[in-house]
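The values are calculated or read from the model by the stated rules, or taken from the named source; none is laboratory data. Predicted, not measured: the structure shown is a model, and the values here were computed from it. For neighbour counting, all protein chains shown are included, and Cβ atoms are generated from backbone atoms with ideal geometry for every residue, glycine included. These accessible areas exclude ligands, DNA and RNA; they are computed on the full protein's heavy atoms, side chains included. Shrake-Rupley method; radii C 1.70, N 1.55, O 1.52, S 1.80 Å.
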Amino acid sequence: MKKYLGEILLFITAILWGSGYIGMEKGLEHFTVFQVMAGRFIIATILLFIIFNKKIKLINKSILWKGTVLGGFLFIAFTIQTFGLVYTTPSKNAFLTALNVIFVPLIAFVIYKRRFDRFEIIAALLAVIGIGFLSLQGSMNMNIGDLLSLLCAVAFAFDIFYTNMFVKKEDALALTIVQFFTASVFSTIAVLLLGEIPTMASIQEGAYSILYLGIFCTTIAYVCQNIGMKYTNSTKSALILSTEALFGTIFSVIILHEILTGRMVIGIVLILLAIIFAEVKPTLRRKMTESKLHS
């Protein structure tokens, strides 16, 4: 039961992140990259402090350094992803960022010598191909924006991998509080160093987008992610979170009235097949084992 609770929470995260593309687009009409990041992380930190204030006393040296590491990965990933959008298309940015689903098992193999699970690798490849159908349009020539998007995928992969590892031993909410506080401090320092103090007019005009990003796409999404990861492995977590691209497309069609093409439908089907394949993996493995025993 806990396994399915974890997966449901991760799907909620993916849905909220998918809606975040629209919130981010609206927010960037009124704020700079670091202003948006500072705003969403400050709001998230304050909310967690208020709602889960009892968790603050659980913060020890271990949670402090682990949460700081996760907050650093979060800040780096968001920064690289958003600046990557300046030099490449949103579709290529979304596709290349989603490659974190491949990088997560690679990190596990390179750093911790964990063997590849062939079923999860097949599911990850299916998801990447599906995201390609869903997102990519036009040329795949690499430029600086594409390189930044790839680096962003690596940063998100490290965030997913180590979040999955840390929440198994530490309190997920205490860890999230430190993570958000760290990201908000880094973002605020960047705003101050660049002299990007927002005007009252921009705050009034863009407040709704920042509030949405801070409450739903950051606070609720990451609380669901960090709790959900207690019950799933890192590769499967990355696979479920990769459906962010799917939900982003759905929200774009519903809210921004984008046209749903046949190519996009193929992408949606492939992503769903990847999730189904990952779900039936234990049954497939058991049947393969049984067939070997009887042969």
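Arranged from highest to lowest average of other beta-carbon atoms within 10 Å per residue, in what order do the peptides 18-27, 259-268 appear?
With the highest mean Cβ count within 10 Å placed first, the list reads 18-27, 259-268.
So, by mean Cβ neighbours within 10 angstrom, what's the order for 209-216, 97-104, 248-255, 53-60 with the highest one leading? Intermediate results must be reported in sequence, preceding the final value.
Details: 209-216: 20.6, 97-104: 25.6, 248-255: 17.0, 53-60: 12.5.
My ranking of the peptides, most packed first, is 97-104, 209-216, 248-255, 53-60.
Would you kindly state how much longer the chain becomes between LEU272 and LEU192 on full extension, computed as 0.36 nm times their sequence separation minus their alpha carbon distance, in nm to one decimal? Intermediate values should be presented prior to the final figure.
Numbers: separation 80, 0.36 × 80 = 28.80 nm, distance 4.33 nm.
Residue separation times 0.36 nm, minus the Cα-Cα distance, leaves 24.5 nm.
For SER202 and ILE46 in one chain, what is 0.36 nm times their gap in residues minus the Cα-Cα distance, to one decimal in nm?
Values: separation 156, 0.36 × 156 = 56.16 nm, distance 2.12 nm.
Taking SER202 through ILE46 to full extension adds about 54.0 nm, to one decimal.
Could you report the chain's accessible area per residue, 1.4 Å probe, as an integer in Å²?
Dividing the accessible area of the chain by its residue count gives 48 Å².
Using only Cα atoms, figure out Rg for the chain and give it as a multiple of 2.2 N^0.38 Å.
Numbers: Rg = 19.2 Å, N = 295, 2.2 N^0.38 = 19.1 Å.
Ratio of Cα Rg to 2.2 N^0.38 Å: 1.01.
How many nm is it between the label spots at TYR4 and ILE259, if each spot is 7 Å from the Cα in line with the beta carbon?
Output for this residue pair reads 4.1 nm.
Carbon and sulfur atoms: what percent of the 1.4 Å accessible area of the chain do they account for?
Details: 10290 of 14230 Å².
Carbon and sulfur together cover 72 percent of it.
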